[in-house]
Each structure stands twice: as C-alpha cells, then as structure tokens.
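Okay, structure first, notes after.
Bear in mind that the values in this text are calculations on the coordinates, not laboratory data. Bear in mind that the values here come from a model prediction, so they are computed numbers and not experimental data. A quick note on method: Cβ atoms are made from the backbone with ideal geometry, for glycine too, and the neighbour counts reach across all protein chains shown.
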Amino acid sequence: MRLYSTNDSSNIVELKEAVLKSLASDKGLYMPLEMPKLPDHFLNNLAHFTFPEIAFQVSKHLFGTTLSNFDLWEICERAINFPAPVKHLEDKLSTLELFHGPSLAFKDFGARYMAQLMSYFTKDDDKQLTILVATSGDTGGAVAAGFYNTPGIEVIILYPSGRVSHLQEQQLTTLGGNIHACEVEGSFDDCQAMVKAAFIDQDLNKMYNLSSANSINIARLIPQSFYYFEAYKQLAHHDNVVFCVPSGNFGNLTAGLMAKKMGLPVQEFIAATNLNKVVPDYLSTGQYEPMQSVATISNAMDVGAPSNFVRLSKLFRGNLDEIRNNLKGYYFDDQQTRAEIKTLYDTYKYIADPHGAVGFLAAKAYLKTHVDSHVCVLETAHPSKFIDTVEAVLSNKVVIPERLASLQHKTKDAARIENTFSSFKNYLLER
Ligand SMILES: *Cc1c(COP(=O)(O)O)cnc(C)c1O
C-alpha cells in the first residue's frame, strides 16, 4: 500500500514507514494514494460478515499484498474484539455506540489496531520499540489499553500530576507489564515538550528505539472506517442513512468519508461541534480560519485547529462544493448540550455523554429539513466518563462499567518526575 504526504503528493511511502513514523518528513499527514471502491459482493452482503471480518475486508482492500491474509486476520481479530452496536431510538434516529472497548471511548479502535500493526512491522527487530506518549488524560488511557501486552513494544506515558481525573490516572498507572507511567510535576504542555526533547536526544536514541503513538497516525484513522460499515450493516433496512459525528480533530469524520469513498452508500455526513466551530463556519462561509480553542463540557472536541481537516479536504481535492455535498455542519453551546442530555433521557430513557449530546442536537436540527433521512449519531464515549456533568443534569446515578470501575482500587505504579527534561532523561537512562 502506498501513501502520500498531504504537504507533497510526490512524497510517497509504503505502509510500514507511514505507521512507524506517523508524520511525513515534510510534516504532512499520510493519506492512501488510492482508495478504490470495495467489490459489490462485499458491499451488498455486509450482513454475512462479522465485525472483525468487515475489518479484514476493508484492510485487505486498502493494503493489497502488504500483509499476508494470515497476519492481517490476526491483527483484525485482536484489535476489533468488542462490539459496536446500533441502538434505535425512533424510526429516523439511532445511535452507534462506540464505547464498548477498554477505555470506554471510540479511540480504543484506533489505539488497538495501531498497536497490532506496529507490533507486526517491528516483529523482526532486535530492539524492542519504546513508545513515548504525553497525555492530558484520555488518549493515554486508550493507548495504554491498546498496547497492553503487545509483543515487542513498551509504552511510557507522561501525564501532568494532579491534572487528570482519578479514573484516568488509574487507567494509566495500574496495568503494569509493558505499560509504564511517569507522573510529571508540571502541565500537559511540559509533558509534551519532554517527549519532543527525548526524540532528538542522542543518548536516548542510542539506548532506545523510540516511536510515538500519535493521534495523526494513519493506523489510527483506517480502523475508524470499519465501524461505519458495521453500523450500515445494522441499518440496512433504512433508506438515506446519514451519519452524525461529534467532532474535534475530525479523524472520526474523515474515516467516515473514506468509507463512503470506498463505496459505502451513505447519503451524507453531519459534522457536529461545540463552540469550537471552525469546520461548520468553513462550510457556511467557505473560509477556513483556525482559532484558539475554547473550553466546553464536551472537552474532547475543544479543538480550534483540527489536525485532520487537511485530510478531509484532500479527499475532495479541496473542492468546497463537493465537500458541501457530503457534509453539513452544526454547532451548539454547553447550555444546549446539558438540556439535550436531559431531553434524551426524558424522551428515550437514553443516557448520552456530552459529546454524543452535541451529536443528537445536530441530528435533530438536520432532520427538520431532511425528513426522509435516517440519522445515526456516533456516541463517542460512555456517559460515565463524564459522570460529573451528566449526573448534574440528570437526577440518576450513572453506572460505571465494571471494566473501568474495577481499576478504582488497584495499586498505582508511577515514577514521579520533576518538571525538567534532565529528570525524564535520567529516568529513561537508569530504569
Ligand atoms: C476524541 C474524541 C472526539 C473527537 O474525535 P475526532 O476524531 O478528534 O474528531 C469526540 N468525542 C470523544 C469522546 C473523544 O474522545
């Protein structure tokens, strides 16, 4: 499989390089050079494929002969090992629950698949791969769970002391095995600066084979297209299916558009955002103007300069009309989001998280002018991840699923590190 850089379409690499490097040498993002339609016998018979089988078929179609069928099946079977069920709320409205993985958010799909692909591509290396990640909370949990027990790879996670929630910290610090946590006496930005400094440090590069589990890695994007096929399979009896995607960096939405390029007969997509509304503004004005992010209760979408916008745009060669034909944008504020959490519970007894609630608002706004469509909202996280916000709106208690609740009482194991690069470097040299 060949991929090009969004900064220079003549900068072409093979899948292995794209996965192990994340970012192109010209700082562009990698995109598949070709994304042909899947064969009709697959698209018309989705019901005959299990979710991991769908993952295999889509991967195989993109990767060609890069991996053997045997290796690729193993990767898909290990990575896509939890369900993505569609729940029907009413005739025109459903939700695709993407939170049934270990860290209760859709990022589990990307993290697990990336872990498997990285492990495959480094299996013949003598030295193990050491992945450095800085996290403000959420991504770290998905990466930790995704790479846990992956052969040939260890993960070192830096997080800002006292600035992540207790359950987030437990996700980072209690797995053990190949997952190591560093509690940094500083901010998320400090953690990120330390990771950057480590990548260019000569001593560390002599000792370690360093890599990153960057959110812009193409290996995180590709598996996010699988669940659109899986959802469509469950929605097959509906006409005019539209997916509504609560968006921040627009990886999830870009993956949906890729599924459509590969032949999934989706009518179109809805980009749902909070007040970080750069993309809805772009769709209405034609001007793309990144801004400073603003803080909201759907904080995983607080992105003022979406990293995947360039990929989204490239899918349509930057043609605004074509983008508008495939994508509608809506945005909402926190007050509307809180009210929607309550309305959803009162109407359907459905407990949504704040990100999903933004999606439902957009879906309902869209349905007012598109009465013949069926909108499926991607529920990107389990409501218990945002338990304080949700419980403040509803009078119910939100139940934390056992796979997360069970971490609560496990023993934390983290190295404490001062807010200096030398402190991090010493830790790495002496461990
Ligand atoms: C990361 C995240 C999003 C945003 O997804 P993008 O792919 O960055 O657009 C939405 N909701 C939740 C819960 C997330 O964790």
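Quick look at the values:
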item	result
Shape category assigned to region 236-374 from the gyration tensor of Cα positions, a/c cut at 1.5	oblate
Sorted by Cβ density within 10 Å, fewest first, the residues Arg416, Arg311	Arg416, Arg311
Formal net charge of residues neighbouring Val398 (Cβ-Cβ distance under 10 Å; K, R +1; D, E -1)	-1
Net charge of Cβ neighbours under 12 Å - reference Glu185; Lys, Arg +1; Asp, Glu -1	-1
Cα gyration tensor shape of region 21-164, rounded if a/c is under 1.5, else prolate or oblate by comparing a/b with b/c	oblate
D_trans [Stokes-Einstein, Kirkwood Rh over alpha-carbon pairs] for the chain, 10 °C, 1.306 mPa s, µm² s⁻¹	72 µm²/s
Order by protection proxy (mean Cβ within 10 Å, highest first), peptides 389-398, 191-200	191-200, 389-398
Region 307-379 - charge dipole about Cα centre, Lys and Arg +1 at Cβ, Asp and Glu -1, debye rounded to 20	200 debye
The chain, dipole about Cα centre (Lys/Arg Cβ +1, Asp/Glu Cβ -1), debye to the nearest 20	320 debye
Too-long pairs where the Cα-Cα distance tops 22 Å, listed order kept, from Lys261/Lys385; Lys107/Lys368; Lys123/Lys412; Lys328/Lys385; Lys123/Lys206	Lys261/Lys385; Lys107/Lys368; Lys123/Lys412; Lys328/Lys385
Selection from Asn326, Gln224, Leu253, by position along the positive dipole direction of the chain (Cβ)	Asn326
Linear extension gain, Lys397 paired with Met291, 0.36 nm per residue minus alpha-carbon span	34.5 nm
For the chain, share of DSSP beta bridges that run antiparallel, in % to the nearest 5	25 percent
Flagged links, alpha-carbon separation over 29 Å, of Lys314/Lys425; Lys60/Lys314; Lys277/Lys425	Lys314/Lys425; Lys277/Lys425
Stokes-Einstein D in µm²/s, Kirkwood radius over Cα pairs - region 1-86 at 10 °C with 1.306 mPa s viscosity	110 µm²/s
Mean Cα-pair separation over length for the chain, i.e. relative contact order, pairs under 8 Å, 6 or more apart, %	18 percent
